[in-house]
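A.B. asks: Encoded as structure tokens, here's the structure I'll be asking about.
Readers should treat all values here as calculations from the given coordinates under stated rules, not as data from a laboratory. Small disclaimer: the values here were computed from a predicted structure and weren't measured. Ideal geometry is used to build each Cβ from the backbone, glycine not excepted, and the neighbour counts take in all protein chains shown.
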Amino acid sequence: MVPTMRAAVVTGAGSGLGRAIALELGRRLYRVHATDLDGDAAARTATEIGVDAESSALDVRDEAACRALADKVAADGPLELWVNNAGVFFSGPPWEQSAEQRQTMMDVNATGLINGTLAALAPMRAAGRGHIVNVVSLAGIVAAPGEVAYSASKHAAMAFTLGTAFDLRRAGVRGVQLSAVCPDGIWTPMLEDKLGDPDSAASFSGRLLTPDEVAREVGKLTERPRPILIVPRWRGPQLRFLDMFPRLGLRLVPLIMWDARRRQRSYRKRIEAGKWPKKPSP
């Protein structure tokens, strides 16, 4: 008898980090259902994964659609993993952003993540097991200058993830795990047009990551769940220190952003020269 493959849903899997996570899970023998607002992009990811992978268009802002997908996937086999990766990003001071931009970030990054989490929880709680991985960001730990409304949506995502984990334990549910993944800036389509944008400099202030790097860490997380995964790990204590001392942070903002802009310009030169990211050896 062939054992039933573990089912995994990945939102925002049409490109960038979501695509990389979906491919990583496929290599780990999950039966991946790739979703994206762009259904064609999700289908291309499923084709790359190969046999047993499926795809569909999904707007994470639609709670009923998220629940219907969770029920459909669970009906075909145990829903073991749900990765809430879909997200949007607009930079700039909040007073310069449109109401539509601010609302879209809250709707997708926070409400969309909540919809996906609750959709996955229904079959997982019934089965007594499962793992929900919520891709948050380091912006969910510290308020990033130039990315404040985005940070607000990610703070909400972080609070919901950890708070729901606490409530599951309070309800006596121990077989369902929740994890918040908080990576540094990732070189995805979300940042590819931001190399010259001073408001986005905070995303370049640490070590710019590749989608494959973060996807591998998510893969490891599925083996050993933990409440928070920070990539790279050293960035957590650094940013939490600033968060603990906001008056110090206010004084350091000019220096922090000067250094962030310096790093942003450095990455721009390396990327435009083809020196980063390094191509894998044949």
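A.B. asks: Pairs under 8 Å by beta carbon, first residue touching a residue at least 40 places away in the same chain (Cβ under 8 Å) in the range 159-183, partner assigned to a loop (DSSP other than H, G, I, E, B) and crowded, with 19+ Cβ neighbours inside 10 Å, six or more apart or different chains?
C.D. replies: Close Cβ pairs satisfying both conditions: THR161/VAL136; ALA180/VAL136; VAL181/VAL136; CYS182/VAL136; CYS182/SER137; CYS182/ILE141; PRO183/SER137.
A.B. asks: Give me the residue from the range 212-221 that is in contact with a strand residue (DSSP E or B) (Cβ under 6 Å, 6 or more places away or on another chain) and within 24 Å of ARG263 (Cβ to Cβ) and, out of that set, surrounded by the fewest Cβ atoms within 10 Å (Cβ to Cβ).
C.D. replies: Within the range 212-221, the match that is surrounded by the fewest Cβ atoms within 10 Å (Cβ to Cβ) is GLU217.
A.B. asks: Please enumerate the residues belonging to the range 222-236 that are assigned to a helix (DSSP H, G or I), surrounded by fewer than 19 Cβ atoms within 10 Å (Cβ to Cβ) and in contact with a strand residue (DSSP E or B) (Cβ under 9 Å, 6 or more places away or on another chain).
C.D. replies: Taking the range 222-236 as the starting set, the residues that turn out to be assigned to a helix (DSSP H, G or I) are 222-223, 235-236.
Keeping just the survivors that are surrounded by fewer than 19 Cβ atoms within 10 Å (Cβ to Cβ) gives 223, 236.
Selection gives GLY236 alone.
A.B. asks: Tell me which of these LEU23 doesn't satisfy, since it passes every other one: (1) in a strand (DSSP E or B); (2) touching a residue at least 40 places away in the same chain (Cβ under 8 Å); (3) of a type outside the set (Phe, Trp, Tyr).
C.D. replies: Answer for LEU23: the failing condition is (1).
A.B. asks: Another question about this same structure. In the range 160-215, what residues are assigned to a loop (DSSP other than H, G, I, E, B), within 14 Å of the chain's Cα centre (by Cα) and among the small types (Gly, Ala, Ser)?
C.D. replies: Selection gives GLY185 alone.
A.B. asks: Hey, another quick one. Quick one: how many residues across the range 185-213 are out of contact with any Asp or Glu (no Cβ under 9 Å at 6 or more places or on another chain) and under 26 Å from TYR30 (Cα atoms)?
C.D. replies: 6
A.B. asks: Continuing with this model, one more query. When you look at SER137, is it more than 18 Å from ALA86 (Cα to Cα) and among the polar types (S, T, N, Q), yes or no? Outline the logic, then answer.
C.D. replies: Values: more than 18 Å from ALA86 (Cα to Cα): no; among the polar types (S, T, N, Q): yes.
For SER137, the condition - more than 18 Å from ALA86 (Cα to Cα) and among the polar types (S, T, N, Q) - is not met.
A.B. asks: Mind telling me which of the residues ASP199, ASP193 ends up being crowded, with 16+ Cβ neighbours inside 10 Å and more than 20 Å from ALA157 (Cα to Cα)? Give the steps one after another, and end with the answer.
C.D. replies: Values: ASP193 fails: crowded, with 16+ Cβ neighbours inside 10 Å.
Being crowded, with 16+ Cβ neighbours inside 10 Å and more than 20 Å from ALA157 (Cα to Cα) holds for just one of ASP199, ASP193, which is ASP199.
A.B. asks: Now for a separate question. Looking at (1) touching a residue at least 40 places away in the same chain (Cβ under 8 Å); (2) buried (at least 23 other Cβ atoms within 10 Å of the Cβ), which is the one condition that is false for THR45?
C.D. replies: (1)
A.B. asks: Condition first: of a type in the set (Gly, Ala, Ser) and either surrounded by fewer than 10 Cβ atoms within 10 Å (Cβ to Cβ) or assigned to a loop (DSSP other than H, G, I, E, B) (or both). Now tell me which residues in the range 239-282 satisfy that. Spell out the reasoning first.
C.D. replies: Looking only at the range 239-282, we keep the residues that are of a type in the set (Gly, Ala, Ser), and these are 249, 260, 266, 273-274, 281.
Hits for the range 239-282 are ALA273, GLY274, SER281.
Quick grid of which residues meet (1) of a type in the set (Gly, Ala, Ser); (2) without any contact (Cβ under 8 Å) to a residue 24 or more places away in the chain; (3) over 23 Å from PRO145 (Cβ atoms):
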| residue | (1), (2), (3) |
| --- | --- |
| PHE204 | no, no, no |
| ARG224 | no, yes, yes |
| VAL231 | no, no, no |
| ARG240 | no, no, no |
| PRO246 | no, yes, no |
| ARG265 | no, yes, no |
| ARG268 | no, no, no |
